[in-house]
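Take a look at the structure set out below.
The values are calculated or read from the model by the stated rules, or taken from the named source; none is laboratory data. Just so you know, these numbers come straight off a predicted model, no measurement behind them. Note: ideal-geometry Cβ built from the backbone for every residue, glycine included; neighbour counts use all protein chains shown.
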Amino acid sequence: QRPVTDAQAKPVKTLPDAQTVTSVTHWTDKLFSFRVTRPASMRFRSGEFVMIGLMGEPDPKTGKQKPLLRAYSIASPSWDDELEFYSIKVQDGPLTSRLQHIEEGDEIILRPKPVGTLVHDALLPGKRLWLFATGTGIAPFASLLRDPQTFEDYDEIVLTHTCREVGELAYGAELIKSIPEDELLVELLGADNLKKLRYYPTTTREESPKMGRITDLMRSGQVFEDLGVPQLSPETDRAMVCGNLAFNLEIKELLEGYGLEEGANSDPKHYVVEKAFLD
Ligand code: A2P
């Protein structure tokens, strides 16, 4: 029997639950998105998250390596062949300091067990769906906005996205632009149905057409005036929230003030909240 040479050997997956990176887009010096192959058997509901990451550095004593994983919302819709993620780059972040350097063809670890509360099942039927995001908190909404059910279930959908600077809005702006051009969505829903989507981007630290935190714009009534819609009410409005911790808490208080109650998978109500990933 002849020995197997390197060239004949089958490629070995070096990581457990490995998936291959298919593309990477750098949006700013602090933000990037990437797409990876999707495990053939993996199902998920738009809005859910999975644990992804890289192998950690070897333990100095034992030399053993453990996976370094973080929760990431899936930004692609459930019908997509690939999975998309949207991430910040933290220079001294244990994971993102390394993850930001991935390139097409590299492998990442992906545990194929999706979970999360930002799903349609956790909300009672309503007329208007509000998606409130800050920073990378837009990721689960990028999934939900490419899910036909979102347009089937509501008469109107409002995506608000608050970031510090204009450049940080680019991923969301591209997403909004892509939806009416998405052949599958147009074919399934019709171009008119896609016009239900309203987009309300704001910045807090750089000049832009609409400035201020969304929470302040809600308290002053400005956002309702701008969109020509009434203040939220439990009869008509449903909300999903994803952003930094302080933002989530503040929005929660506002929503409760309008009479909305927090729902869960097992107990659907008027709004749901999830924290955006920070390394
Ligand atoms: P601000 O610039 O006024 O802090 P970050 O990059 O820190 O995660 O913040 C993302 C965006 O969320 C920023 O525009 C920030 O505004 C805004 N933000 C932070 N905390 C709150 C909060 N408690 N309520 C509303 N918006 C907030």
Have a look at 187, 253, 261, 225 and point out the one that is of a type in the set (Asp, Glu), within 16 Å of the ligand (Cβ to nearest atom) and either farther than 22 Å from residue 71 by Cβ or touching a strand residue (DSSP E or B) at 6+ places or on another chain (Cβ under 9 Å) (or both).
253
Only residues that are within 13 Å of residue 78 (Cβ to Cβ) and part of a strand (DSSP E or B): list them for the range 113-129, please.
114
Looking only at the range 130-163, filter to residues that are within 14 Å of the ligand (Cβ to nearest atom) and part of a helix (DSSP H, G or I); which one of those is farthest from the chain's Cα centre (by Cα)?
135
Restrict the check to the range 83-92 and report whether at least one residue is among the hydrophobic types (A, V, I, L, M, F, W, C), surrounded by fewer than 17 Cβ atoms within 10 Å (Cβ to Cβ) and assigned by TED's automatic domain parsing to the domain that holds residue 263.
no
Filtering the range 231-250 for residues that are out of contact with any strand residue (DSSP E or B) (no Cβ under 9 Å at 6 or more places or on another chain) and away from the ligand (no atom under 11 Å from the Cβ) leaves a count of 2
Given the conditions (1) modelled with pLDDT under 95; (2) within 16 Å of the ligand (Cβ to nearest atom), every one holds for residue 201 apart from (1)
Just give me the residues in the range 40-54 being crowded, with 18+ Cβ neighbours inside 10 Å and over 24 Å from residue 151 (Cβ atoms), in sequence order.
50, 52, 53, 54
